[in-house]
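Accompanying notes for the structure given below.
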Amino acid sequence: MEVPFAISARAAKLIGMENFANAEGAVVELVKNGYDADADICVVVADIRQTVSESRLYIIDNGCGMTSETIVKHWMTIGTNDKLVNERTKGKNRIKSGAKGIGRFALNRLGRKAEMITFTDSKGGWLWSVDWLSFERANVLSDIKATLDPISIEEAKRKISNFGLDRLPITDWFVEKCFHGTILCISDLIDEWEETNLNSLQKNLENLIPEHVHSVFGLYLFHMQDLTWGGKINPAEYDEFDYKVTAKYEGGRTINVNIERNELNVSLLETNYSRVFTRKDMQKEPYRIEDFHKKTVGHVLTVNDNVKQELLDKVGSFTFSFYFIKNSTQDERDKDGLKKYPYNIVDSSYRKAWLSKFGGVRIFRDDFRVRPYGENGNDWLDLGRRQAQSPGGAGQKLGGYRIRPNQIAGVVNISRINNPSFEDKSSREGIQENDAFALFKNLLLKIISVFELDRNYIMYNLSEQYKVEHPVEQRAKDIVKKALQYNEEQSEKNKDIKILASSYQSLEQELEDKEKELAMIRSLASMGISVATFNHELRSIMLRLLPRNELLKSILMKNLPVERFEGQRFGNPYKELDIMKGEDEKLYNWLQYSLHSIQRNKRDKKKIYLSDYFQRFTESWRPTLSKKNINIELNLNGIDKAAVNAIEMDLDSVYNNFVANSINAFLKSREESKRININVFNDHGYVVVDFIDNGCGLSPEYQNNPDVIFNAFETSTVDNKNNKIGTGMGLFIAKGVIEKIPDSSIALLSVKKGFGIRTIIKIK
């Protein structure tokens, strides 16, 4: 007897669901379907309401649409091989992005219900819908039915209006002019789509397709409740790079690499730094001055003979391009102000912001990104490990320089046709780690090493030439040593030498202090990164804090009546639960505030209206302070339209510090009526912020020289052994942030009781 296989409905659903690790990946999959349908545009719309069950997501494209036959034969067939048989689209000859035939399960990953309106022309189309819960109730797959009904253009327009999509600035053009495409509506959503989720989705869409594809496939993201948010997704364009490297492998045993240099000022190289080209190493191609004028130099990379050609063939052809973008340009200066390296002037803050969005090495297959390569924290090429093993700078020694993972933004292009050995993992997150992919990674590292050697060679020679022309460091140290041995009876002519020696010693001490400052800042930065890394876990813990107390109490009441412990001071579980509840509330408020402070939208430089900012700031602190019986009052006067271009997190670092210092001051104070006053007023183009508390005030040790508190590592917080336990960086950082704003300042206020500090901010 022959028995046929049967696929359970639940198994089919699970196969699909397991291919989408998160909601963002599911949205991306549906966007890809629009590209495979030859769409010019694809629009993602988030309609986020009070509850997830009421919220909806829409994915709209103006592709070719689907006929009823296509829906039945392909859309409704799980695991279809259509994209394997027909690798390219009929209209625009695009290589189709998918291959497994399970992409429609992305709908189920996002929500429990789905509708689809699709039409191929102005004659009408089809309305398809499914309830994914039917997969849970059915035994076998064939038991599940989706509805499929014809729909006219007029009905489709009414449906679009009911959805609220007619409010979008692009919908009129989409409906009235095209009469073809697909609208997906996902409802009864599974995930909470908060602001952080939408920002993350926006970033994913920004990184979804390479720059050149944006002109033929435009992406849009809208928030239905705030149409000013989002809009067209822009490509990752950048022209302020230090190096641009492009490489192409087309088979065989060679890879062509082109290096475009943009790090050094060529005019300065030719004039003030011309002696470097007298060095023997700089008199050969491609390191001559004429090679720098050309900007781009070529290099042919040869694959080692030990690598089998058979394995190289499995890798297949690919292209690789990347930017090298350093974060700072500080280096030594000589007495005439000349630096060791003639860098071009750059905007470091913009560079860091851009790298935060688009940094890393990303893989694109057939013009769509393969996750998770290049995401934050995904150093799949182990650049961090390489750099840690050889941490030297580019100018220190030849062969010892390695690029840092936070200084690179790269794109690798592969294809299903040219690279068939690069198969997806079952989770759809990444490529299977076979021998071909391992060789592929090594080839990419070889290409990166061509750049590293080029930069290393140039910077090393500049550094060595600088040492030849400025051999002062060791001599200065010798002079210092000898000069300080002179006693007071030395002749007048040696006084200048002694002054110089003392000055040099002061500079050495200053350098040592700066190193300490940097170490502390790195430590604090690492702490911030850790908090950001565990953002999701901390948020989950925070949400469980308050309910757990009530749950424990309800369980306890079923087994131990409250009356049993009446009048009992010790060993009363209900009293202990009340104490625990109070502690949980404190922890909840702190976590809520901390997680709010590290939101991504607070890290970008933008126009900040100070009235709105201080109202948000005060209200965010109020729950925590009230638990400590501290009253915070905000007084605003004449600053309704006052604004400053700044990073919100920078302002937070200033005023959070003030509040934290006040809390510590109140711990040492016996004041019963604890209060913090924030008075903000306009003074002829400046916003003045007076922050005053009635705590214990400045420590006596600072009474004679109070401005010392703005120095790095300066703190009066000590333990019971008089060991300083505070970082001493709070007011130092605050001063740096305020003074970074043009024409702005910070100073202590003279108050009768407590502590006062004033910031003056220049406004637009």
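Picking from I692, I733, I738, which residue would you name as being in the same structural domain as A665 (by TED's automatic domain parsing), over 15 Å from A665 (Cα atoms) and at pLDDT 85 or above? Criteria check complete, one pass: I738. For region 387-431, enumerate the residues that are within 23 Å of N327 (Cβ to Cβ), of a type in the set (K, R) and in contact (Cβ under 8 Å) with a residue 24 or more places away in the chain. Across region 387-431, the qualifying residues are K397, R402. For region 338-387, the candidate set comprises residues that are over 21 Å from the mean Cα position of the chain (by Cα) and of a type in the set (D, E); within that set, the residue that is farthest from R416 (Cα to Cα) is D367.
Being modelled with pLDDT under 80 and of a type in the set (S, T, N, Q), is that true of even one residue in region 680-689? Show your work before the answer.
In the first step, residues of region 680-689 are kept if they are modelled with pLDDT under 80; the result is none.
The answer is no, given that none of the residues of region 680-689 is modelled with pLDDT under 80 and of a type in the set (S, T, N, Q).
When G230, G181, G164, G218 are checked against the criterion of being at pLDDT below 85, among the small types (G, A, S) and either surrounded by 14 or more Cβ atoms within 10 Å (Cβ to Cβ) or not assigned by TED's automatic domain parsing to the domain that holds F324 (or both), a single residue qualifies: G230. Taking every residue in region 619-636 that is charged (D, E, K, R) and pairing it with any residue that is modelled with pLDDT of 85 or more and surrounded by 11 or more Cβ atoms within 10 Å (Cβ to Cβ), at least 6 positions away or on another chain, the pairs with Cβ-Cβ distances below 8 Å are R622/I632; K628/I663; K628/F666; K628/K674; E633/R675; E633/I676; E633/N677; E633/I678.
Show me the strands (runs of 3 or more DSSP E) entirely contained within region 347-450 in which 3 or more residues are farther than 21 Å from D239 by Cβ, among the charged types (D, E, K, R) and in the same structural domain as G252 (by TED's automatic domain parsing). Steps first, please.
Values: elements: 360-365, 368-370, 408-414.
So the answer is none; nothing clears 3.
Counting only residues that are out of contact with any Ser or Thr (no Cβ under 8 Å at 6 or more places or on another chain) and crowded, with 20+ Cβ neighbours inside 10 Å, how many does region 429-442 have? Break it down into steps so the answer makes sense when it comes.
Of all residues in region 429-442, those out of contact with any Ser or Thr (no Cβ under 8 Å at 6 or more places or on another chain) come to 429-433, 435, 438-442.
Adding the requirement that they be crowded, with 20+ Cβ neighbours inside 10 Å leaves 431, 440.
Total satisfying the criteria: 2.
Could you grab me the full set of residues in region 213-231 that are in contact (Cβ under 8 Å) with a residue 12 or more places away in the chain and farther than 23 Å from G164 by Cα? Scanning region 213-231 gives V213, H214, V216, F217. Can you spot a residue in region 123-141 that is outside any helix (DSSP H, G or I), of a type in the set (F, W, Y) and at pLDDT 85 or above? Yes: one or more hits. The set of residues from region 630-685 being within 27 Å of S349 (Cα to Cα) and of a type in the set (D, E) comprises E648, D650, D652. Each residue in region 418-455 was checked for being of a type in the set (K, R), within 25 Å of the chain's Cα centre (by Cα) and modelled with pLDDT of 90 or more, and 1 pass.
Filtered by the rule that a residue be under 21 Å from the mean Cα position of the chain (by Cα) and surrounded by fewer than 13 Cβ atoms within 10 Å (Cβ to Cβ), region 233-255 gives N234, E237, D239. Check region 588-610 and report whether any residue there is at pLDDT 70 or above and assigned to a helix (DSSP H, G or I). Yes: region 588-610 contains one or more residues that are at pLDDT 70 or above and assigned to a helix (DSSP H, G or I). Region 1-99 holds helices (runs of 4 or more DSSP H) entirely within its bounds, and those carrying 1 or more residues that are modelled with pLDDT of 90 or more map to 23-36.
The values are calculated or read from the model by the stated rules, or taken from the named source; none is laboratory data. The structure displayed is predicted, hence computed values, not measured ones. Using ideal geometry, Cβ is built from the backbone for each residue, glycine included, and neighbour counts are taken over all protein chains shown.
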